[in-house]
Amino acid sequence: MHISTSVLGGIAAICATANGALTRVNDFGTNPTNLQMNIYVPSKVAAKPAIILGLHYCGGSGEAYSSSTKYNSLADQKGFINIFPSTKKDNNCWEVNTVKGLSHDAGGDNQGLVAMINYTIKKYNADPTKVFVTGSSSGCMMTNVMIATYPEVFAAATCYSGVAAGCLAGSPGASPSSANPDCANGKVIKTQAQWVDQVKAMYPGYSGSYPRIMTYHGTADNVVFIPNLGEQLKEWSGIHGVSFTKNVTNTPQSGYTELVYGDGTKVLGVSAAGVGHTVPVHESEDLKWFGL
Ligand SMILES: *[C@@H]1O[C@H](CO)[C@@H](O)[C@H](O)[C@H]1NC(C)=O
Ligand SMILES: *[C@@H]1O[C@H](CO)[C@@H](O)[C@H](O)[C@H]1NC(C)=O
């Protein structure tokens, strides 16, 4: 049976390709804004798997975000589960502007996303202490909102080219065509105390800890301008009670600078020199930040 290895290898490769597809889940629980849930469960799922929630950009979908990133092939290696939801409203942008969308359990997109996580924890015996969120552009804006409104659900977050939680509060929409442009243009500048108060007001009475966050932004972004990196860092360093420590240049790659807050384990910014919208997803850096 000298040929068996290569034949089996070929079959495994075909299976791996088939496994790359997402599965639609219909009845996952509370779904006040009619989101679509798509899940990727690797064939060798870990005993108590971690969960990554991956949030698409405006105009995108869960399918598009999963196929443009490497999280599914990394799940094949490491055994975690990915959820790639889709929103179909407001040019497929996430609800990061309304009062309900910026509140805990008030009927926004955020509540439906947490229901997907709850479903996954129950169905696959996933580890509730290893739930992570990431996203690009609108998905990064929503990542900020998820950790502000559901801090108890997530252990850590990473995201690419977004804005601080609450930056679009009160805007008529969240898409480039419906939103008040001031936020994306980098004109919504607040003090650290104002951002902290705003985050705390999204979940009044919550006194637990908040997720760790690593957030990337390109200096040449002309869709969501670079001041939004500084505002996110002001917000989350205020929440975590850490201040700027140092810059580490050419990390995690040439031309990128890591802005380290405190000891660098709670809040980390990455400024990507000359990079536009959006910063390419750095999946293996995400996994390091998540501890996966
Ligand atoms: C998620 O699960 C928690 C813990 O069981 C529960 O308190 C919460 O209401 C659930 N949230 C949603 C949106 O399903
Ligand atoms: C750290 O890096 C950022 C982004 O390049 C820059 O704006 C900032 O001035 C730097 N801070 C220090 C203290 O070097």
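Residue count for the range 248-276 under the criterion of being crowded, with 18+ Cβ neighbours inside 10 Å and either within 16 Å of the chain's Cα centre (by Cα) or closer than 21 Å to Lys78 by Cβ (or both): the result is 5.
Return yes when Tyr206 is in contact with a helix residue (DSSP H, G or I) (Cβ under 8 Å, 6 or more places away or on another chain), within 30 Å of Asp105 (Cα to Cα) and either hydroxyl-bearing (Ser, Thr, Tyr) or away from ligand 1 (no atom under 16 Å from the Cβ) (or both) and no when it is not. Yes. Whenever a residue of the range 65-80 is closer than 23 Å to Pro128 by Cβ and free of Cβ contacts under 8 Å to residues at least 40 places away in the same chain, its partners that are surrounded by 15 or more Cβ atoms within 10 Å (Cβ to Cβ) and not hydrophobic (A, V, I, L, M, F, W, C), lying with C-beta atoms within less than 8 angstrom and at least six residues away or across chains, give the pairs Ala75/Tyr40; Ala75/Pro42; Ala75/Asn82; Gly79/Pro42; Gly79/Pro49. Quick check on Thr23: is it closer than 24 Å to Ile147 by Cβ and at pLDDT 95 or above? No: the conditions fail for Thr23. Restricting the range 124-152 to residues that are away from ligand 1 (no atom under 13 Å from the Cβ) and of a type in the set (D, E, K, R) leaves a set whose member that is surrounded by the fewest Cβ atoms within 10 Å (Cβ to Cβ) is Asp127.
For the range 213-232, give me each residue that is more than 10 Å from ligand 2 (Cβ to nearest atom), surrounded by 18 or more Cβ atoms within 10 Å (Cβ to Cβ) and in a helix (DSSP H, G or I).
Taking the range 213-232 as the starting set, the residues that turn out to be more than 10 Å from ligand 2 (Cβ to nearest atom) are 213-216, 218, 220-225, 227-228, 231-232.
Adding the requirement that they be surrounded by 18 or more Cβ atoms within 10 Å (Cβ to Cβ) leaves 213-216, 218, 221, 224-225, 228, 231-232.
Of everything in the range 213-232, those that are more than 10 Å from ligand 2 (Cβ to nearest atom), surrounded by 18 or more Cβ atoms within 10 Å (Cβ to Cβ) and in a helix (DSSP H, G or I) turn out to be Asn228, Glu231, Gln232.
Across the range 34-44, not a single residue is classified as hydrophobic (A, V, I, L, M, F, W, C), under 24 Å from Val279 (Cα atoms) and open to solvent by 10 Å² or more (accessible area, probe 1.4 Å).
Report yes if Ser207 is open to solvent by less than 70 Å² (accessible area, probe 1.4 Å), at pLDDT 95 or above and polar (S, T, N, Q), otherwise no. Against the criterion (open to solvent by less than 70 Å² (accessible area, probe 1.4 Å), at pLDDT 95 or above and polar (S, T, N, Q)), Ser207 does not qualify. Here is the figure for the range 265-292: residues that are within 14 Å of ligand 2 (Cβ to nearest atom) and touching a Pro at 6+ places or on another chain (Cβ under 8 Å) total 1. For first residues located in the range 100-115 and surrounded by fewer than 22 Cβ atoms within 10 Å (Cβ to Cβ), partners that are part of a helix (DSSP H, G or I) and modelled with pLDDT of 95 or more and lie 6+ apart or on another chain with Cβ distances below 7 Å form the pairs Ser103/Thr149; Ser103/Met202; His104/Thr149; His104/Met202; Asp105/Gln111. For Asn228, state whether it is more than 21 Å from the chain's Cα centre (by Cα) and closer than 30 Å to Ser68 by Cβ. Spelling it out, it is not the case that Asn228 is more than 21 Å from the chain's Cα centre (by Cα) and closer than 30 Å to Ser68 by Cβ.
Quick one: which of Tyr65, Tyr71 is open to solvent by less than 10 Å² (accessible area, probe 1.4 Å), within 26 Å of Pro280 (Cα to Cα) and touching a His at 6+ places or on another chain (Cβ under 8 Å)? Outline the logic, then answer.
On the way: Tyr71 fails: touching a His at 6+ places or on another chain (Cβ under 8 Å).
It is Tyr65.
The values are calculated or read from the model by the stated rules, or taken from the named source; none is laboratory data. The structure displayed is predicted, hence computed values, not measured ones. Neighbour counts are summed over all protein chains in view; Cβ atoms, including those assigned to glycine, are modelled from backbone coordinates with ideal geometry. Heads up: the accessible areas ignore ligands, DNA and RNA and are worked out on the full protein's heavy atoms, side chains in. Shrake-Rupley method; radii C 1.70, N 1.55, O 1.52, S 1.80 Å.
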